[in-house]
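What follows is one structure encoded as structure tokens, with my remarks underneath.
The values are calculated or read from the model by the stated rules, or taken from the named source; none is laboratory data. Since we're looking at a predicted model, the values are computed, not measured. We place every Cβ from the backbone using ideal geometry, glycine too, and count neighbours over all the protein chains shown. These accessible areas exclude ligands, DNA and RNA; they are computed on the full protein's heavy atoms, side chains included. Shrake-Rupley method; radii C 1.70, N 1.55, O 1.52, S 1.80 Å.
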Amino acid sequence: MEPRSRSLSPSTSNVSGRAVAGPFQTGAIVKAFRVDSAGVKGALLAQTTVTNNQGNYTLSIPNSYAGAV
């Protein structure tokens, strides 16, 4: 995934971008996970769907999280 923008709201940060390997279908699932300092995948932070066949997505990640995704 290749994030394009990030905007803040009171309780979440929105991360928008475009998946860069495909083909893509509207409704495909995009997930963001915590990543620890060793690069190990952790808990699911957010999940959304691809909004078009170009791979566009927007995830809302809780502002309480600080770290790699």
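The table that follows gives values for the structure above.
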read-out: Residues satisfying the stated conditions in the range 44-65, i.e. open to solvent by 40 Å² or more (accessible area, probe 1.4 Å) and modelled with pLDDT of 85 or more; value: LEU44, GLN47, THR58, SER60, PRO62, ASN63, SER64
read-out: Long-range neighbours under 8 Å by Cβ, at least six apart or interchain, first residue in contact (Cβ under 8 Å) with a residue 24 or more places away in the chain and basic (Lys, Arg) within the range 31-44, second open to solvent by less than 60 Å² (accessible area, probe 1.4 Å) and assigned to a loop (DSSP other than H, G, I, E, B); value: ARG34/TYR65; ARG34/GLY67
